[in-house]
1. Can you say whether residue 162 is farther than 25 Å from residue 242 by Cβ and within 20 Å of the chain's Cα centre (by Cα), as far as the supplied structure shows?
2. Given (1) touching a residue at least 60 places away in the same chain (Cβ under 8 Å); (2) over 25 Å from residue 99 (Cα atoms); (3) touching a helix residue (DSSP H, G or I) at 6+ places or on another chain (Cβ under 9 Å), where does residue 188 come up short, assuming only one miss?
3. Among the residues of region 155-167, is any in a strand (DSSP E or B) and surrounded by 15 or more Cβ atoms within 10 Å (Cβ to Cβ)?
4. Identify, by number, the condition in (1) under 30 Å from residue 86 (Cα atoms); (2) crowded, with 24+ Cβ neighbours inside 10 Å that residue 227 doesn't meet.
5. Run residue 13 past the list (1) surrounded by fewer than 18 Cβ atoms within 10 Å (Cβ to Cβ); (2) in contact with a strand residue (DSSP E or B) (Cβ under 8 Å, 6 or more places away or on another chain); (3) within 30 Å of residue 217 (Cβ to Cβ) and report the number of the one that doesn't hold.
6. For the condition within 16 Å of the chain's Cα centre (by Cα) and in a loop (DSSP other than H, G, I, E, B), what is the one hit in 232, 246, 217?
7. When only residues in region 32-75 that are touching a residue at least 60 places away in the same chain (Cβ under 8 Å) and outside any strand (DSSP E or B) count, which is farthest from residue 104 (Cα to Cα)?
C-alpha cells in the first residue's frame, strides 16, 4: 500500500491523517497516511529515510523551507513561494516539491465561499511564508489591487517587489491605511494569541467587506470577532483552506480530485 505522511514538529495535533483518510475512502484510493515527527535539527535525513519507501508527504511548520531545499525539482508556485508543503516521489526516484497553500486559500474563497476576486481591492495582512505562498494564486484571480500590510514595512516591500510582475501589488504599514477595501485576509498568527493586527476599522465597509482569517478555532477567531464588530459582510476562518490545500496535494499524488465539502463539514462538526 502506498505510504504518505505529514512531517512536522510538533505534529500530534495534525488533522491531515483524518482528511486524507476521508479523501481515500471517498475516491476508492488505497493508501496509508500518518504523522511523522521530524527532528528539528535534521529534517533532511528523516525525509530521505521515509522516501526510501514512501510515495509522498505533506510538510508543515517548521520544515517548509527545508523541504524546498530538499526537492530535486519545484513547481512554479513552489519556486515563487520559496517554500514547499507537498513532496511527491516521481518515477525516477527524485522528489518534486509543490506548494498548495495558496491554491487552497483561493479555492476556499472562490468555491466554498462563492467569492469572485476579480476586480476586488484585497488587503493581505502579514509578510511571512503564508503570504508569500498566497500571492501568486491571488494575483492570478486578477484583483484591482493587492496591498501587503505588515508591521515591518520593509518585509512587505520586499514581497511586493518579488511579485510585481504578476499584478498590481504594493506594500504598506498596518497604520497607513484608512480607505475601505473589498477583501481583508489575515495571514498573521495574531489570532493564535487572541490578538488582532493594528489596522483601522474604517478599512471595513459595513455590509460589503469580506474578511478571512487563515487561522481557525472552535470559536470565532479574534480577527473574525473584530471583523464582525466592524460590520463585515462575512467573517470566515481558515478551516476550508486546510481542507482545500490537502485536496490539491491529494490530486497531485493520485490524479483524482476529492470532493472537499463533506470532509470540511465533518471537520467543522468535530471542531464544534
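The values are calculated or read from the model by the stated rules, or taken from the named source; none is laboratory data. It should be emphasised that the depicted structure is a prediction, and the values quoted were computed from it without experimental measurement. Backbone-built Cβ (ideal geometry, glycine too); neighbour counts: all protein chains shown.
1. Yes, satisfied.
2. If we test residue 188 against (1) touching a residue at least 60 places away in the same chain (Cβ under 8 Å); (2) over 25 Å from residue 99 (Cα atoms); (3) touching a helix residue (DSSP H, G or I) at 6+ places or on another chain (Cβ under 9 Å), just (2) comes out false.
3. There is no residue in region 155-167 that is in a strand (DSSP E or B) and surrounded by 15 or more Cβ atoms within 10 Å (Cβ to Cβ).
4. (1)
5. Condition (2) is where residue 13 drops out.
6. Exactly one of 232, 246, 217 is within 16 Å of the chain's Cα centre (by Cα) and in a loop (DSSP other than H, G, I, E, B), namely 217.
7. 55
Here is a yes/no grid of residues against (1) at pLDDT below 95; (2) surrounded by fewer than 24 Cβ atoms within 10 Å (Cβ to Cβ):
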| position | (1), (2) |
| --- | --- |
| 52 | no, yes |
| 57 | no, no |
| 91 | no, yes |
| 96 | no, yes |
| 121 | no, yes |
| 129 | yes, yes |
| 134 | no, no |
